[in-house]
Amino acid sequence: MVKSVGAAGLERIELKRVTERLGQLYSVLLEAAETESAPLAGAWTPAVDVCESPDTVFIRMELPGVSANQIKIALSNDKIRICGEKKRRKARQRIVSHLCSERSYGRFNRVMPLRWTISIKNSSAELRDGVLLIRLPKIKDRRGLEHIIPIEEIASEDKS
């Protein structure tokens, strides 16, 4: 048996879809604005993958030749900033000049907005074989949920 939905119900469903789509577009626009900021002199941009599982967000960043003490990760409720510096090695005495150099050096700074509610205190990061892996556990978003607060009744003192 198919239940028909009235015109008001269809309008509500369509309004919900439009609202969700606008929220997605706004998040993409924020992310693009953050990443389109002018790079610093000598800066480079490492490649990043952002992946999601049902309970965790993973960020992988390629940082070949960078050690953990050259990286700083700052995490807030709505964004993550990964910055640091890849230093150029000192030239060996045998090398007179470079014929070709395609590797990037210098400072890097990536800011990515977070679309998920995450647990900041349970987040972790590891650097292995030139790949930085950041784990951001998701938590249930409590916004919009109703929480009942019990009321304790206190008898008033009668001062007659």
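The values are calculated or read from the model by the stated rules, or taken from the named source; none is laboratory data. Owing to the predicted nature of the structure, the values given are computational and were not obtained by experimental measurement. Here the Cβ is made from the backbone with ideal geometry for all residues, glycine too, and neighbour counts use every protein chain on show.
At pLDDT below 70 and in a loop (DSSP other than H, G, I, E, B), is that true of ILE154? Talk me through it step by step, then tell me what you get.
On the way: at pLDDT below 70: no; in a loop (DSSP other than H, G, I, E, B): yes.
It is false that ILE154 is at pLDDT below 70 and in a loop (DSSP other than H, G, I, E, B).
Across segment 92-118, the qualifying residues are those that are of a type in the set (S, T, N, Q) and modelled with pLDDT under 85, and the one among them that is nearest to THR56 (Cα to Cα) is SER104.
Residues in segment 61-78 that are surrounded by 15 or more Cβ atoms within 10 Å (Cβ to Cβ) and assigned to a strand (DSSP E or B): MET61, ILE71, ILE73, LEU75.
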